[in-house]
Amino acid sequence: MGNRGKIIRAVRGAATATLAAAAITVPAVAGGAGTAEASSATTSKPPAAPQPQVVSATPCKATAKACVVLSHHTAWLTDGKGRITYGPVTATGGDAAYPTPSGTFRVLSKKAQYRSTEFRNAPMPYSVFFYPGDAFHADDVHKWSHGCIHLDWGDAKTFFDTLKIGDQVQIIP
């Protein structure tokens, strides 16, 4: 048979040895006793199922509790998991001279009856500050702000009552 026969016998021998090892290992695993391999095989947990990707019902990140799209004059409140809890409502930001900052922020403070220290003591009821000097607050939604987000009175109260210090706010241009 020569070299070809030796190679075939070597391959068959290796396959037989592999099957024999499997035959010994499998019953040990199935029985739950025996080798260290069997012990670790019976106690290991299956990998965790992948988490579904969270998709926001607003244009903002799913983690944002308040979402504003300045170009559409629209705002929402969400549960921080992408589901809308309030809105959409009309929201007006600043004009070119006093733009509203865009980006992702956190609620810094809240004041139910605040007056502006920058703009002639202007009333800012239900202020929810998300940027130094800028807040959601009740005011005329048909006029530009000085960088804040104007909401109708009832909407401003809902934003004030719902948002907590540290909640994420996202403002999209």
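The values are calculated or read from the model by the stated rules, or taken from the named source; none is laboratory data. Owing to the predicted nature of the structure, the values given are computational and were not obtained by experimental measurement. Don't worry about glycine lacking a Cβ; one is built from the backbone with ideal geometry, like all the others, and counts go over all protein chains shown.
Given the criteria in a strand (DSSP E or B) and within 25 Å of the chain's Cα centre (by Cα), does T63 qualify? Answer is no for this residue.
Check every one of the strands (runs of 3 or more DSSP E) wholly within the stretch 126-173 and list those with 2 or more residues that are β-branched (V, I, T) and touching a residue at least 40 places away in the same chain (Cβ under 8 Å).
Values: elements: 134-138, 149-151, 168-172.
Once the strands (runs of 3 or more DSSP E) in the stretch 126-173 are filtered for at least 2 residues that are β-branched (V, I, T) and touching a residue at least 40 places away in the same chain (Cβ under 8 Å), what remains is 168-172.
In the stretch 106-116 there is no residue matching the filter, namely being touching a residue at least 40 places away in the same chain (Cβ under 8 Å), buried (at least 16 other Cβ atoms within 10 Å of the Cβ) and within 16 Å of I172 (Cβ to Cβ).
Looking only at residues of the stretch 89-103 that are assigned to a strand (DSSP E or B) and of a type outside the set (S, T, N, Q), we find that the one that is nearest to H142 (Cα to Cα) is A91. Does R83 satisfy being without any contact (Cβ under 8 Å) to a residue 24 or more places away in the chain and of a type in the set (D, E, K, R)? When the stated conditions are applied, R83 does not pass them. For the stretch 104-119, does any single residue satisfy the condition of being under 25 Å from I149 (Cα atoms), at pLDDT 95 or above and in a loop (DSSP other than H, G, I, E, B)? For the stretch 104-119, residues under 25 Å from I149 (Cα atoms), at pLDDT 95 or above and in a loop (DSSP other than H, G, I, E, B): present.
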